[in-house]
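For reference, the structure is listed below as structure tokens.
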Amino acid sequence: MVENRPLTAFLTHLVLILGVIAIALPVWITFVAATHDQLRMNQAPLPLWPGDHFLDNMKQTLFGSGLSGTETAPVWLMLLNSLAMALMISTGKIAISLLSAFAIVYFKFPFRMTFFWMIFITLMLPVEVRILPTFEVVANLGMLNSYWGLSIPLIASATATFMFRQVFLTVPDELLESARIDGAGPLRFFFDILLPLSRTNIAALFVILFIFGWNQYLWPLLITTDTSMTTIVMSIKQMLEAAEQSPQWNIIMTTALLAMIPPVFVVIAMQKLFVQGLTETDK
Amino acid sequence: MLKRVHFPTSALPYLLVAPQILITLVFFIWPASQAMYQSFLIEDAFGLGTEFVWFENFEILWSDRHYLASFQRTAVFSLLVAGLSMGVALLLAGFAQRVVRGAMFYRTLLIWPYAVAPVLAGALWVFMFNPTLGIFPYFLEFAGITWNHYLNGTQAMVLVILAAAWKQVAYNFLFYLAAMQSIPNSVIEAAAIDGAGPARRFWTIIFPLISPTTFFLLVINMVYAFFETFGIIHAVTQGGPGTSTTILVYKVFNDGFVGLDLGGSAAQSVVLMVLVIAMTVVQFRFVERKVAY
């Protein structure tokens, strides 16, 4: 920066380190809870330093039958369900959005603007406000307790379409002109030119949508009643409720940790793309 | 909107938009219009008959003390969540922006809560503040504060605000950092030559220049606090104790799925829709102005 005084440099790092500590503290406490046995987790004050039961807890959480006294699916199955849901939402949304954005930007056809506004409207309505009727639709279509019911209604959202529209609008017209002179049809142009050009945007969007899908809560809570369809994020709530009778905080916090790791890993691994995607899609 | 050069009309564009339009119609437009229609109906308690009542549900809402209180509560909740998370993010971004060495390190450590589900954030915080076992109540005891968010409405509100803001700091931090990095260095250097110190430069140059970002984030954070915090409320307080943390979106869920007051819940949905639409329009106008094609 402009000046380089030791005191300001010190202050800068101090504030940032305090910020990092404040941000990380809840997760540290979760991690510590996941490394102690049940006995220790029922004595106040709780430990602030890790114990040596981490592997035991992991094993019991992943392959055990969940909390004693509750009937839940094994955690590995929940992780699998969450993964399936997150992947279906992210790939599905990217696929249909790419196609519709392509149609809207590159074709002139009747009702183009009608379609555009129909998609645009969906930008405004989060699933929470139309939850009851949407639930009814899914129930009538017989999609309760299925991966389709978990993911398809959440695929219908406009953000991705808008992002791709924005990306396509920045593609120079000359590319299409020359592609057409070379005799390329619309699909050829789409696959050979447009897709490669939007590669980074697709990847960034994938990160964002994966997290969005993985973190869904209310929707899976409503439409899955079968325990074998439970997702890991929604199981936390059931465990918290069960904790009022038999507090097995070590298992609950191990589950919370497991539920957190995949999306956090995705964000950190793809940080650059993600940052780019986040600052460019919404702005 | 449309490319200057484009493909001729054919059946292809219809095929291309078909999946998106189909899903939008079935899972979006239809349910949303159903919500609107239901808001004009009153169903009797046994589900035997419905009656079309025009705006009666809305009139009931506006004279309902609980609904108005929930409105007010939501406003307080969202403003505090937005204020707290944006304030902390601005502070951290202001300092992070000065760091040259270790910038990536700090950024990574500050952005990851973005990936944490709201309901998990809630679980983490409810564990830390568990009245019998939690770490914080143990220390608060020394300060003479008895913590029990199961009984004390204000404390319950504080807890959900902390959890909601904690999760949102990461997002705001990223946007503030990006905005600050787009300010030309020469402007800041010129101010430094004129003798302005770091704090003064921040308030007279950086802060005004990032005010569009602040406005944008305010809208985003309000929408976040209105809707996405459902998981936090549901996991941490379930709207209680009493109704002290029942914000609007929780009330829609509670009245509809638990109380089975379909008309009333639908009317509340419609009010929420209007609110989001208003906020989205504001935001979109802002975005349209900022984005250059």
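Structure summary
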quantity	calculated
Listed residue (B:Val258, A:Leu175, A:Leu187) projecting farthest to the positive dipole end of the protein assembly as shown, Cβ model	A:Leu175
Residue-averaged [θ]222 nm for chain B, counting only DSSP H segments that reach four residues, each worth -39500 (n - 2.57)	-20500 deg cm²/dmol
Under Karplus coefficients 6.51, -1.76 and 1.60, residue-wise ³J(HN,Hα) of segment B:230-240 in Hz, glycine/proline x	3, x, 4, 4, 5, 7, 8, 10, 6, x, x
Most to least packed among A:76-86, B:117-127, A:183-193, A:13-23 [average Cβ atoms within 10 Å]	B:117-127, A:76-86, A:13-23, A:183-193
Low-density loop cleavage sites - chymotrypsin sites (Phe, Trp or Tyr not before Pro) in segment B:23-120, where at most 15 other Cβ are within 10 Å (DSSP)	B:Phe46, B:Trp54, B:Phe55
Given charges at Cβ of Lys, Arg, Asp, Glu: the protein assembly as shown dipole, positive-most of A:Ala24, A:Gly64, A:Trp249	A:Ala24
Probe 1.4 Å, accessible area per residue of segment B:65-290, Å²	39
Stokes-Einstein translational diffusion, segment B:43-136 - Kirkwood Rh over all Cα pairs, 0.890 mPa s, 25 °C, in µm²/s	134
Rounded if a/c under 1.5, otherwise prolate or oblate - chain A, Cα gyration tensor axes	oblate
Computed P(r) (all Cα pairs; the protein assembly as shown; 10 Å bins; percent)	3, 16, 25, 26, 19, 9, 2, 0
Average beta carbon contacts from partner chains per residue of B:122-131, 10 Å cutoff	6
Residue among B:Ala35, B:Ala93, B:Ala196 with the largest mean-square fluctuation in a Gaussian network model of chain B, springs linking Cα atoms under 10 Å	B:Ala196
Candidates A:Glu174, A:Glu241, A:Glu136: whichever shows maximal mean-square fluctuation once chain A is modelled as a Gaussian network with Cα springs under 10 Å	A:Glu174
Chain A: most fluctuating residue of A:Leu154, A:Leu258, A:Leu11 per GNM, C-alpha cutoff 10 Å	A:Leu11
Where segment A:65-280 is the region considered: accessible area per residue in Å², 1.4 Å probe	37
Karplus-derived HN-Hα couplings along segment B:118-131 (A = 6.51, B = -1.76, C = 1.60, θ = phi - 60°), whole Hz, x at Gly and Pro	x, 5, 6, 4, x, 4, 4, 6, 5, 5, 5, 9, 4, x
Helix-only mean residue ellipticity at 222 nm for chain A, each DSSP H run of n ≥ 4 adding -39500 (n - 2.57), per residue, nearest 500	-21500 deg cm²/dmol
Hz values of 3J(HN,Hα) by residue in segment A:110-122 - Karplus curve (6.51, -1.76, 1.60), Gly and Pro given as x	x, 6, 3, 5, 4, 4, 4, 6, 4, 6, 4, 4, 5
Separation between Cα centres of segment A:207-245 and segment B:137-195, rounded to whole Å	27
Peptide A:153-162, shielding by other chains (average Cβ, 10 Å cutoff)	4
Relative contact order, percent, chain A [alpha-carbon distance under 8 Å, six or more residues apart]	30
Cα gyration tensor shape of segment A:90-246, rounded if a/c is under 1.5, else prolate or oblate by comparing a/b with b/c	prolate
Under-5 Å amide H pairs with A:His36, H placed in peptide plane, nonlocal only	A:Gly51, A:His53
Longest DSSP-loop-exposure-free segment, trypsin sites (Lys or Arg not before Pro), chain B, at most 10 other Cβ within 10 Å	B:102-293
Shape call, segment B:117-274: gyration tensor on alpha carbons, a/c limit 1.5	oblate
Magnitude of the charge dipole, segment A:65-280, Cβ model with Lys/Arg +1 and Asp/Glu -1, debye to 20	380
Per-residue average of Cβ from other chains inside 10 Å of B:132-142	3
Relative counts (whole %) of C-alpha pair distances in segment A:182-237, using bins that are 5 Å wide	4, 16, 16, 12, 10, 9, 9, 10, 8, 3, 2, 1
Inverse of mean 1/r across different Cα pairs in chain B, Kirkwood, Å	22.5
Built amide H within the under 5 Å cut-off of B:Phe129, gap 5+	none
Amide H contacts of B:Leu41 (H built 1.01 Å from N, under 5 Å, at least 5 apart or other chain)	B:Val53
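The values are calculated or read from the model by the stated rules, or taken from the named source; none is laboratory data. Just so it is clear, the structure is predicted and the values come from calculations on it, not from any experiment. Methodologically, a virtual Cβ is constructed for each residue, glycine included, from the backbone with ideal geometry; neighbour enumeration extends over all protein chains shown. Remember, those area values only see protein heavy atoms, side chains included, never the ligands or the DNA or RNA. Shrake-Rupley method; radii C 1.70, N 1.55, O 1.52, S 1.80 Å.
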